[in-house]
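Remarks on the structure that follows.
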Amino acid sequence: RLHHPNITELVGYCTEHEQYLLVYEYFDNGSLYDVLHMADETTRNLSWNIRVKIALGSARVLEYLHEVCSPSIV
């Protein structure tokens, strides 16, 4: 199992009728894509400082997947 604060938990999956679905835990604020690309009051208020923190968190997850996991994921 993966244990990192920036990785969502895979709850389950489904492989029926030639469809493949992954089910992840639910987040009230939506996905990272939603936060960065949707033009609403929340995203307009994202400062560059917050955006840099998001980028650093993403980099830390990649480092975790490359260096800490055994075997490495990415």
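The values are calculated or read from the model by the stated rules, or taken from the named source; none is laboratory data. Because the structure is predicted, anything quoted here is derived from the model rather than measured. Reconstructed Cβ throughout: ideal geometry from the backbone, glycine too, with neighbour counts over all protein chains shown.
Within region 15-73, track down each residue that is at pLDDT 80 or above and among the basic types (K, R).
R51, K53, R60
List every residue pair whose Cβ atoms lie under 6 Å apart, where the two residues are 6 or more positions apart in sequence or sit on different chains, the first residue falls within region 46-74 and is free of Cβ contacts under 8 Å to residues at least 12 places away in the same chain, and the second residue, located anywhere, is part of a helix (DSSP H, G or I).
Filtered contacts from region 46-74: S72/H66.
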